[in-house]
1. How many residues does the stretch 134-173 contain that are acidic (Asp, Glu) and either outside any loop (DSSP other than H, G, I, E, B) or surrounded by 15 or more Cβ atoms within 10 Å (Cβ to Cβ) (or both)?
2. When the stretch 186-203 is examined, which residues are found to be free of Cβ contacts under 8 Å to residues at least 24 places away in the same chain and under 15 Å from residue 220 (Cβ atoms)?
3. Look through 86, 103 and report the one residue that is touching a residue at least 12 places away in the same chain (Cβ under 8 Å), crowded, with 21+ Cβ neighbours inside 10 Å and among the aromatic types (Phe, Trp, Tyr).
4. If residue 79 satisfies all but one of (1) loosely packed, with under 14 Cβ neighbours inside 10 Å; (2) over 16 Å from residue 147 (Cβ atoms), what's the number of the condition it fails?
5. Can you give me the number of residues within the stretch 33-57 that are under 32 Å from the mean Cα position of the chain (by Cα) and surrounded by fewer than 14 Cβ atoms within 10 Å (Cβ to Cβ)?
6. Name the residues in the stretch 69-88 that are within 25 Å of the chain's Cα centre (by Cα), farther than 22 Å from residue 139 by Cα and not polar (S, T, N, Q), would you?
7. Looking only at the stretch 233-245, which residues are surrounded by fewer than 18 Cβ atoms within 10 Å (Cβ to Cβ) and either farther than 19 Å from residue 194 by Cα or without any contact (Cβ under 8 Å) to a residue 12 or more places away in the chain (or both)?
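The values are calculated or read from the model by the stated rules, or taken from the named source; none is laboratory data. All of these numbers come straight from a predicted model, not from anything done at the bench. Heads up, the Cβs are rebuilt from the backbone with ideal geometry, glycines too, and the neighbour counts pull from every protein chain shown.
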Amino acid sequence: MKSLIFIFFITSIILNIHNKEVIHIPDRNLKSFLLSNTQINLNGDSEIQLTEAENFNGKIVCRNKGIKDLTGIEFFPNLKHLDISFNELEKINLSKNNFLRTFNCSGNRITSISISKNHNLTYLNCSQNKLTELNLSTTPNLTKLYCSENLLKSLDITSNLKLKIVTCSMNKIEKLDIFNNTKLEVLECHQNKLNSINLSKNLTLKSLSCGYNPLYNLDIKNNLNLEYLYCDKNQLTSLDLSKNLLLKTLYCTENFLEQLDLSKNKKLETVICSKNNLEKINLKNGNNTKLEIFKFFNNPSLNCIQVDNKDFAKNRNKAFWGGRHPNNPKEIFKIICL
């Protein structure tokens, strides 16, 4: 009997110590933010107890707080959502936050990030940092990835088969393998060093932004769901859009295109094809009334723009020569044809 009482007494002491054990949070701004969260700081004191951290399974959103050190966040094992964007962090280790689902650390100074234990992660935004590498091999549930404006030379997403959105623009990526990413709907990879990209298996792709790369060829004949295409400033000499019947928006300026056939693209609302070597544009798609913006300036060899109706085209000021870079109405009248 005495032994049972003794065991109970010792257990009570241990539990009491555990309940009162406080977390070391060296960054004042982080600590201040956590203390102000009444869902975390349940007793309203000046410390975060270990039990308070362990029991919290909600969302921490502390944007733009001047945080430089994330030490202490590892004591929140059940944390599901973390947003520490636009702070002053350089390194992040989330190895103890195994239940994390969404993580936003964009707009920091991060050079390395450890997410090898975050198997439940579905959303990752690490844009606007200084990352030179990003290991995503252990995040199979990822559906949305934002890693633009870093220093990445490569990006391996071959293991992330659930990805629907990938934005990796403004890096130094030379090769991007998306052959296995068959659920991809949005891909933004502009301003990299890509000279080729295989889109043959990305049948669900709706939006593609691949401008400002040295692409010589862009094969999108299998991307039947494509609605938005931005391929400005590449090395394209041709662009086949005959299969992209759902296309609404096209940006293809500053390439080397000589012909542009849009006769199959009846849903087009915006076409910007300036600064090419265009000689002919076939815009006779049977639905010119849907077109809202059409820009084709700086194509000195252009001699024919095929349209549905000459009179309609000449009177369609808003679409044909309105806006920041107006086309010349007199020149339009000369080259409009049926």
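1. Here is the first cut: in the stretch 134-173, the residues acidic (Asp, Glu) are 149, 156.
Subset that is either outside any loop (DSSP other than H, G, I, E, B) or surrounded by 15 or more Cβ atoms within 10 Å (Cβ to Cβ) (or both): 149.
Residues that pass the stated criteria total 1.
2. Filtering the stretch 186-203 for residues free of Cβ contacts under 8 Å to residues at least 24 places away in the same chain gives 186-187, 191, 193-198, 200-201, 203.
Of everything in the stretch 186-203, those that are free of Cβ contacts under 8 Å to residues at least 24 places away in the same chain and under 15 Å from residue 220 (Cβ atoms) turn out to be 186, 187, 194, 196, 197, 198, 200, 201, 203.
3. Details: 86 fails: crowded, with 21+ Cβ neighbours inside 10 Å.
Of the residues listed, the single one that is touching a residue at least 12 places away in the same chain (Cβ under 8 Å), crowded, with 21+ Cβ neighbours inside 10 Å and among the aromatic types (Phe, Trp, Tyr) is 103.
4. Condition (1) is where residue 79 drops out.
5. Counting residues in the stretch 33-57 that are under 32 Å from the mean Cα position of the chain (by Cα) and surrounded by fewer than 14 Cβ atoms within 10 Å (Cβ to Cβ) gives 3.
6. So the first thing to find is which residues in the stretch 69-88 are within 25 Å of the chain's Cα centre (by Cα), and the list is 70, 79-88.
Filter once more, keeping what is farther than 22 Å from residue 139 by Cα: 86-88.
Within the stretch 69-88, 86, 88 meet the criteria.
7. First, pick out the residues of the stretch 233-245 that are surrounded by fewer than 18 Cβ atoms within 10 Å (Cβ to Cβ): 235, 237-238, 240, 242-243, 245.
Correct list: 240, 242, 243, 245.
Matching residues to (1) modelled with pLDDT of 95 or more; (2) within 31 Å of the chain's Cα centre (by Cα); (3) within 29 Å of residue 203 (Cβ to Cβ):
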site	(1), (2), (3)
228	yes, yes, yes
233	yes, yes, yes
245	yes, yes, yes
265	yes, yes, yes
268	yes, yes, yes
273	yes, yes, yes
290	no, yes, yes
306	no, no, no
313	no, no, no
